[in-house]
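As C-alpha cells, the structure follows; a few thoughts come after it.
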C-alpha cells in the first residue's frame with residue numbers, strides 16, 4: 001500500500017473525528033447539558049452550516065474540475081474546519097454556535113475534494129475495498145473522540161476537548177497534502193472558451209452539469225436516493241445520543257461506551273462491505289444495508305416506546321456500526337461507477353448537494369417534530385424509517401448498467 005493510499009485513508013480519521021465525535025456526540029451533549037438548549041437548538045444550528053454548504057458545493061465542485069490540483073482546496077477547508085472547531089465552547093455562546101456551523105460548512109466542502117480523490121488512489125477493481133478501508137480506519141477518529149471525552153472532557157470540560165479535536169483534524173489532514181499523487185485532471189471545458197476566467201467557466205459548467213445529468217444512466221435516481229438516506233442517517237447520527245440521553249435515560253458515560261461498541265463493529269465491517277461491493281456491485285449491497293437499517297430503526301423506536309431492557313442498546317449500537325460502514329462503503333464507489341472521471345469534481349459537487357439537502361431537512365425536521373410540535377423523539381425517529389424506505393425504492397429502480405457516458409464534444 002503506497003503513501004498516496006495511506007494519506008487518503010489517514011484523512012478520514014480526522015473527518016470521522018468531527019462527524020462522530022463532535023457532530024454526533026459532544027456538540028449535542030454540550031448544548032443540552034451545559035447550555036440548557038433543546039433538540040431544535042442543535043438541529044437548527046447544524047442546518048445553517050449545512051445550508052451554506054448546500055449553496056456553495058456545486059460551484060466548488062465545478063471549480064475543482066477547472067483547477068490543476070484539488071489538494072489546495074482540501075487543505076484550506078481542513079485548516080478552517082480545525083481552527084473553527086477550537087473556538088467552540090471557548091468564546092461566547094453565539095460565537096461558539098457560529099463556529100460550529102462554519103466548521104460543518106468547511107468540513108463538508110472538503111468532502112467534495114476528498115471523495116473525488118478516491119479515483120486517484122484506486123482502480124475499478126479495488127475501488128470498493130480502498131473506500132472500505134478508508135471508512136474502517138476512519139473510525140479510529142471516533143475512538144480518539146471517545147478517549148478525549150472520557151479522559152479530558154469529563155475532567156477538564158468541553159472547551160479543552162474541542163481545542164484538542166480541532167488540532168487533530170488539522171494534523172490528520174496534513175499527509176494527504178504532501179503524499180497523495182493526483183492523476184492528471186482531464187480538464188475539458190464544455191461549451192466554453194478556455195481563456196474564460198475560472199469562476200465564469202465554473203458557473204457555465206455547472207449550468208450544463210444539471211442539463212447533462214440525464215446522460216449518465218441511473219445518476220439522477222442515485223442522487224435522489226442519497227438525498228433520502230442522507231436525511232435519515234445524518235439525522236440519526238446527530239440525535240441518537242440525545243435520544244438515548246433523554247428518551248432512554250442513560251448517562252453521558254454510557255452513551256460513550258455505546259458509541260465505542262458501534263465503532264468496534266464498524267471497523268472490520270467496512271473492510272468486509274468494501275470487498276462485497278467489489279464482488280457484487282454497490283446496488284445489491286446498498287439495498288441489503290438499507291433493508292437492515294429499517295429493521296434497526298424499528299428496534300430502536302420500540303426501545304423508546306415499550307419497556308425493554310437497556311441491554312438492547314448494546315445490540316443496536318453494534319448493529320448500527322455495521323450498517324453505517326455499509327452505507328459509506330457503497331456510497332462513493334457507486335458514484336464513481338456512474339460518472340466519467342473528467343466530470344468527477346463537477347458531479348461530486350451534486351453528490352454533496354443531495355446529501356447536504358437531505359441533512360438540512362433531516363436535522364431541521366427533528367427539531368421541529370420534537371421541540372416545535374412536541375411530538376417526542378420516537379415520532380421523529382419513526383420519520384427516518386420512511387426516508388430509508390423511499391431511498392430503497394429509488395435504489396431498486398436503478399438499472400444495473402455502469403457504462404460510462406461517451407465523451408461529450410467540447411467547444412474550445
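Odds and ends about this structure:
- In this entry, residue 21 passes the filter for residues that are buried (at least 22 other Cβ atoms within 10 Å of the Cβ), over 23 Å from residue 353 (Cβ atoms) and within 15 Å of the chain's Cα centre (by Cα).
- Considering the conditions (1) in contact (Cβ under 8 Å) with a residue 40 or more places away in the chain; (2) buried (at least 22 other Cβ atoms within 10 Å of the Cβ), residue 99 is excluded by exactly one of them, (1).
- Helices (runs of 4 or more DSSP H) fully within region 126-213 counting 2 or more residues that are modelled with pLDDT under 80 and over 22 Å from the mean Cα position of the chain (by Cα): 198-212
- Members of region 138-170 that are surrounded by fewer than 20 Cβ atoms within 10 Å (Cβ to Cβ) and closer than 20 Å to residue 7 by Cα: 140, 143, 167, 170
- Every pair of residues 6+ apart whose Cβ atoms lie under 8 Å, when the first sits in region 225-236 and is more than 15 Å from residue 324 (Cβ to Cβ) while the second is modelled with pLDDT under 95 and in a helix (DSSP H, G or I): 227/354; 227/355; 227/357; 227/358; 228/358
- Exactly one residue out of 68, 34 is surrounded by fewer than 24 Cβ atoms within 10 Å (Cβ to Cβ) and closer than 17 Å to residue 112 by Cα: that is 68.
- In the condition set (1) within 27 Å of residue 50 (Cα to Cα); (2) assigned to a helix (DSSP H, G or I); (3) without any contact (Cβ under 8 Å) to a residue 12 or more places away in the chain, residue 360 is compliant with all but (3).
- Close contacts from region 258-283, counting a first residue that is on the phi > 0 side of the Ramachandran plot and a second that is in a helix (DSSP H, G or I), with Cβ to Cβ under 8 Å and a gap of 6+ residues or different chains, come to 281/337.
- Qualifying residue in region 34-44 (condition: more than 30 Å from residue 375 (Cα to Cα) and in a helix (DSSP H, G or I)): no
- Search result, residues across region 315-347 that are touching a residue at least 60 places away in the same chain (Cβ under 8 Å) and over 22 Å from residue 132 (Cα atoms): 342, 343, 346
- So residue 122, is it within 26 Å of residue 334 (Cβ to Cβ) and assigned to a loop (DSSP other than H, G, I, E, B): yes
- Where residue 113 falls short, out of the listed (1) buried (at least 22 other Cβ atoms within 10 Å of the Cβ); (2) assigned to a loop (DSSP other than H, G, I, E, B): (2)
- A single entry from 393, 388 fulfils the requirement of being surrounded by fewer than 16 Cβ atoms within 10 Å (Cβ to Cβ), under 16 Å from residue 231 (Cα atoms) and at pLDDT 90 or above: 393.
- Residue satisfying condition, being more than 21 Å from the chain's Cα centre (by Cα), within 24 Å of residue 377 (Cβ to Cβ), free of Cβ contacts under 8 Å to residues at least 12 places away in the same chain and surrounded by fewer than 24 Cβ atoms within 10 Å (Cβ to Cβ), within set 299, 248, 312, 307: 307
The values are calculated or read from the model by the stated rules, or taken from the named source; none is laboratory data. Owing to the predicted nature of the structure, the values given are computational and were not obtained by experimental measurement. With ideal geometry, Cβ positions are generated from the backbone for all residues, glycine too; neighbour counts draw on all protein chains shown.
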